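Report on the following structure.
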Amino acid sequence: MQERVRDLRRDFDAALAAARDASSLAALRTRWLGRKDGLLTALLRDLRDVAPAERAVAGRVVNELKQHVEGSLEAAAGALLRPGAAPSLPALEASLPGRRRQPGAPHPLAQVRARIEETFLEMGFALGEGPEIETDHYNFTALNIPPHHPARDAQDTFYVEGGLLLRTHTSPVQIRTMERQKPPIKMVAIGKVFRRDPFDATHAPMFHQVEGLVVDEGIAFSHLKGTLERFCRKVLREDVRLRLRPSYFPFVEPGAEYDVSCVFCDQGGCGRCKGSGWIELGGTGMVHPAVFEGVGIDPERYTGFAFGLGIERIAMLTLGIDDIRLFFENDHRFLGQFPG
Amino acid sequence: MRFSHDWLRDYVDLPDDPDGIGRRLTSVGLPLEAIEGAPGTPGGVVYDLDVFSNRPDCMNHLGVARELAAIHGVPLRRPAPGLKAAGPKTADHLAIEIAAPELCRRYAARCVLGVKVGPSPAWLRERLERLGHRSINNVVDATNFVLWEQGQPLHPFDLDRVAEHRIIVRPARQGEALVTLDGVVRRLSPEVLVIADPRSALALAGIMGGQSSEIREGTTNVLLESAWFDPVTVRRGAKGLGMHTDASHRFERGADPEAILPALDRAAALIAELAGGKVTDPPLDVRSGSEAARRVSLRPARAAALLGHDPGRARMREILERLEFRVEADTSESLVAVVPSFRRDIEREVDLIEEVARHAGYDAIPSRLPAVENAEGGRPRRLQRLDAARRALLQDGFTEAVNFDLAEAEESRLFEPEVRPLAIENPLQSQAASLRTTLLPGLLRNVAHNLNRGLQAVRLFEVGSVFHPGPKGPVELSRAAAVVAGLSPASHWSTGRHEADLFDARGAAEALLSAMEGSRARLASDRIAPGAALAGPAIEADGRAGGRVGEVDPAILRRFEIDRPVFAFEMDLQAWLDAPTASRTFRPLPRVPSVRRDLALVVPDRMTIDQLEAAMRRASPLPVAAIEVFDRYRGKGVPPGHASVALQLVFQAERTLEAEAVQKAIDAIMAEAERQGARLRGTAQE
């Protein structure tokens, strides 16, 4: 019996030395201490057959072995939990690429759109929408651009059968919003617009615009300036400066175009700002009283401002893209450069 | 529009600081586009300014000089007409009849008799050429000089070529022909106003003169026209004829009816000075009524409130007066300003406020954030859902594409044979002559683009609008579509890449459907339309078609020059976007573990997984939490027309399930599956 116990102990020690992880330790535990077929269980069972005289001694060595097995397994399991106990990992294995899900990339225009939306949502604006197919009324007349107005020249229009058109700007959303909602109004709408321009590096027959409208009692030109300044600083860079200069859009008065200080040369003069130090972003102004009258808002009581800008323009500026066509080719090599 | 620094100096004193002048002009609404030349060089400095369509008064040197005089607070020097003492009577040489007085409110003329047409002197040639205009002869150049000086377009006729020396202003006759100065034969319609003699049309009123009465070498008597034409008539006429001239540009923006005589006198005097001859007097001046001067009042308090900045009442008045508004009354409440006749754009108070603002300087206005309590804040549900749809497809590994809404009708019909695409009446090109009715053609172009550039994997989606005709006009519908071609993206080196197949497209559709919270749309695998552009399962919501998944018909792919299989789906989102928000509720977690059993079944091809699953659920006496396909095998050991499908059934009850109960359930399930045509291939137990 004692001999058998010695052999078993040697076997156990060898097996324990070979066991490197939790699962082999568990297998070892089952093999030795398993209730049904464990080696020690069998040994204890066999103790019954030992002659009574030798039983006391045999019982002691078997018990010692049992304590050794239990204690060793316990210690080995504990050792596995200590730092530095893991078997060493070859550097090559450690350097192989990991397994991960590969999401697709959102379109860069959608990313710019999302950033602009978030900025305005933080400023308490509501997001609005309007149809892409519009009537002459919403696209022009209600915006104080009657038929045969020269301002229509600047927006070469696609006409759709049935006397309709593709909106040339997102400004019709101003009218639809004011017809639906009484002041106070504070909304931005982003969407597609269409111009009958040939497709080249700087023009596309379809592009995206942001339209903003704020109407309430006591809204002033200074609020327009403050809002655009905040927006430009959030979306472009914290330290950009805003410049407004008089301009003409029939649906605003006073009207303006707004520029930001060139983010490429810090107004030192470069190709992107054509040496002027300023980059043109969009148009803005105080809502024209004729527009208010058309939608039944009293221009004596309420005032407001509106603004617009191009998403492509912002995307091209912030990402350094010089050809608008890249946005619409949907080349994976282009789109993949801007993972969300 | 080009302006010469030296020419401007004829009317206003200017510092030698072209950059500063350019900046100041920009700050009052005459943005500088470019500066050419340098002070002291031949020709001097030329400013290229963008003059907006509401400011025809600034489309000449005197007008820009007026703005500069107001900016610098210095006087404006008006050119003197310089006409000498009375000459022969105009009425003895000319008669004028206006047959359309509402379209030509004023027509004035003088004659210059006995001129000698020849080249212009150097100073005049240089002035015109510096602005980019060709010198023609002394008579024509004199009229162009006055145009660029004070903005009134003038037209000289060869008086001896005007039949009976009678001018008639009338609408053109239908089909009437006129050869214009540029040598083009114009067929006219009554939309166009013409200057005619009793025999024929001589000129397009306000647009361009005619060849027959043109000033040429040998012309001795000149009829000089200075008139006011209706802006809309000039614009419509010029557009209809595809013409745009310096004259039409100004008339369609509104000329100054009070500038007619000063400009006429100035040009007549200049012609006499340059080409000799006697100017007739007094001018003929036919007008139908006169326009009363407009009076607009400005409340300084209102201006300060609208701007958020108060330049002060005195400054407001000063600005208006410098711009030649006459302040008629100055009460505590308001200033009443008489609008100068050249300011066609000033109609109401806010226009005066803009005058104040641009000359007081937009830079002087402070920046503030408005405090507006907005009842309708945030992102509307529709936009949230469109974003959720995009996110689902992005997470499934599809990259976002944006295509034009303009499409070729024939390509749209490949995927939407029942829908007539809405036509664009004035397309730029035939490939974009209608509005898209489906997103797929655009995405297929993108597939071709990418494959042609050697890319191995294409996985693109688009969420956007399509346009269908409806009973009450066009309907704009939101859709999502995705395409997949080539290899699957390299996900990990330990797993291989596969050629795109139906399950990539179906997976994308499933990913989208599961993100469509509140939608009842589902994949209807038993609705495979033979011959459809997409060979695969339909998408249905409440029995209505909502899209399709499948392999794109190879014949269609050939049209797009794609030689690899493409799998795609397209789905209507409109019903879901309009649907109310579904409420989500919590389900208590099971208290006992679930029991899983794997089954391998031989299933006939006519059967769908949905049908099989429905039969199993129906037959099971125990609650079935899930049935998942984990393998599909065709080949040896499986009869043709069948596939072996391995399923894992997950039972989940309130109590611990005994092996016997589970076996009973499996037996019942199998009995039903067999009745439907499937049979057991083998069972396995976890």
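Values in this text are rule-based calculations from the coordinates and carry no lab data. If you're wondering where the values come from, they're calculated on a predicted model, not measured in any experiment. Positions of Cβ are backbone-derived with ideal geometry, glycine not excepted, and every protein chain shown enters the neighbour counts.
Dipole of chain B computed with +1 at Lys/Arg Cβ and -1 at Asp/Glu Cβ about the Cα centre; of B:V194, B:S525, B:P56, farthest Cα towards the positive end is B:S525. Evaluating 6.51 cos²θ - 1.76 cosθ + 1.60 at θ = phi - 60° for every residue in the stretch B:77-84, the Karplus couplings come out as 9, 7, x, 7, x, x, 6, 7 Hz, glycine and proline recorded as x.
Using only Cα coordinates, the Kirkwood hydrodynamic radius of the stretch B:595-685 works out to 13.2 Å.
Could you work out the relative contact order of chain B, using alpha carbon pairs under 8 angstrom and six or more residues apart, expressed as a whole percent?
9 percent
Peptide A:94-106: average number of partner chain Cβ atoms within 10 Å per residue?
Mean shielding count: 5.
Within chain A, DSSP assigns beta bridges of which about 95% are antiparallel (rounded to the nearest 5).
If you average the alpha carbon positions of the stretch B:139-157 and of the stretch B:362-386, how far apart do those two centres end up, in angstrom? Cα centroid to Cα centroid, the span is 51 Å.
Measuring between their Cα centroids, the stretch A:77-140 and the stretch B:466-516 lie 19 Å from each other.
Overall, the stretch B:309-351 carries a charge dipole of about 140 debye about its Cα centre when +1 sits on the Cβ of Lys and Arg and -1 on the Cβ of Asp and Glu, all other atoms neutral. Semi-axes of the equivalent ellipsoid of the protein assembly as shown are 83, 33, 26 Å, computed as sqrt(5λ) over the eigenvalues of the C-alpha gyration tensor in descending order. Judged by the gyration tensor of its Cα atoms, with axes a ≥ b ≥ c, the stretch B:372-513 is oblate; a/c meets the 1.5 cut and b/c is at least as large as a/b.
Loop-located GluC sites (Glu not before Pro) across the stretch B:479-560 with a Cβ neighbour count of 15 or fewer within 10 Å are B:E517, with loop assigned by DSSP. Taking Cα centroids, how far is the stretch A:220-240 from the stretch A:264-295 in Å? After rounding, the separation between the Cα centres reads 12 Å.
Inter-chain neighbour count for A:143-153: the average number of beta-carbon atoms from partner chains within 10 Å of each residue's beta-carbon is 4.
Amide hydrogen proximity for B:T399: with H placed 1.01 Å from N in the peptide plane, the residues at 5 or more positions away or on another chain lying under 5 Å are A:A105, B:R459, B:L460, B:F461. Taking only the Cα atoms of the stretch B:327-443, the ratio Rg/Rh comes out at 1.27, with Rh defined as the Kirkwood radius.
Using the alpha carbon gyration tensor of the stretch B:2-72, what are the three equivalent-ellipsoid semi-axes (square root of 5 times each eigenvalue), largest first, in whole Å? Working through the eigenvalues yields semi-axes of 18, 13, 11 Å.
The alpha carbons of the stretch B:90-287 give a radius of gyration and a Dmax of 15.3, 44 Å, in that order. Here is the short version for chain A: A:C232 have no other Cys C-beta closer than 4.7 Å. Exceeding 21 Å between C-alpha atoms, which entries from my cross-link table qualify? They are A:K36/A:K66; A:K192/B:K239; B:K116/B:K278; A:K192/A:K234. Check vs 21 Å cut-off fails for A:K192/B:K239; A:K192/A:K234. Proximity of backbone amide H atoms, modeled 1.01 Å from N, is registered between B:G547 and B:I539, B:D572 at under 5 Å, excluding neighbours fewer than 5 places apart on the same chain. Quick one: P(r) of chain B from all Cα-Cα pairs, 20 Å bins, percents rounded to integers, in order of increasing distance. That works out to 14, 28, 24, 19, 12, 4, 0, in percent per bin. Per-residue Karplus couplings for the stretch B:179-189, computed as 6.51 cos²θ - 1.76 cosθ + 1.60 with θ equal to phi - 60°, are listed in order as 8, 7, 3, 7, x, 8, 7, 10, 8, 9, 9 Hz, Gly and Pro entered as x. About its Cα centre, chain B has a charge dipole of approximately 1020 debye under the convention of +1 per Lys or Arg Cβ and -1 per Asp or Glu Cβ, with nothing else charged. Each of A:F328, A:F140, A:V215 was scored by the projection of its Cα onto the charge dipole of chain A, and the greatest displacement toward the positive side belongs to A:F328; charges sit on the C-beta of Lys, Arg, Asp and Glu. For the peptide A:252-262, the mean number of other protein chain Cβ atoms found within 10 angstrom of a residue's Cβ is 4. The GluC sites (Glu not before Pro) of the stretch B:121-230 meeting both criteria, a DSSP state outside H, G, I, E and B (loop) and at most 14 other C-beta atoms within 10 angstrom of the site's C-beta, are B:E191, B:E217.
Of the DSSP H helices in chain A, those that are both long (alpha-carbon extent of 18 Å or more along the helix axis) and hydrophobic (Kyte-Doolittle mean at least 0.0) are A:52-81.
Using a Gaussian network model of chain A in which every pair of alpha carbons under 10 angstrom is joined by a spring, one finds that among A:P150, A:P83, A:P254 the greatest mean-square fluctuation is at A:P83. Taking A:K186, A:K234, A:K36 in turn, the Gaussian network model of chain A (Cα-Cα springs below 10 Å) assigns the largest fluctuation to A:K36. Ignoring aspartates and glutamates fewer than eight residues from A:K186 along the same chain, the ones with Cα atoms less than 18 angstrom from its Cα are A:E117, A:E118, A:E122, A:E129, A:E211, A:D216, A:E217, A:E229, A:D298, B:E373, B:E376. Cα convex hull, the stretch A:270-340: 168 Å³ per residue, rounded to a whole number. Just so you know, the averaged projected area of the alpha carbon convex hull for chain A sits at 31.1 nm².
In the stretch B:331-422, what GluC sites (Glu not before Pro) fall in a loop by DSSP, with at most 13 other Cβ atoms inside 10 Å? Answer in residue order: B:E333, B:E373, B:E418. Relative protection proxy for B:71-78, B:305-312, from highest mean packing down: B:305-312, B:71-78 (other beta-carbon atoms within 10 angstrom).
Restricting the calculation to Cα atoms, the stretch A:79-162 shows an Rg/Rh of 1.44 when the hydrodynamic-style radius is the Kirkwood one.
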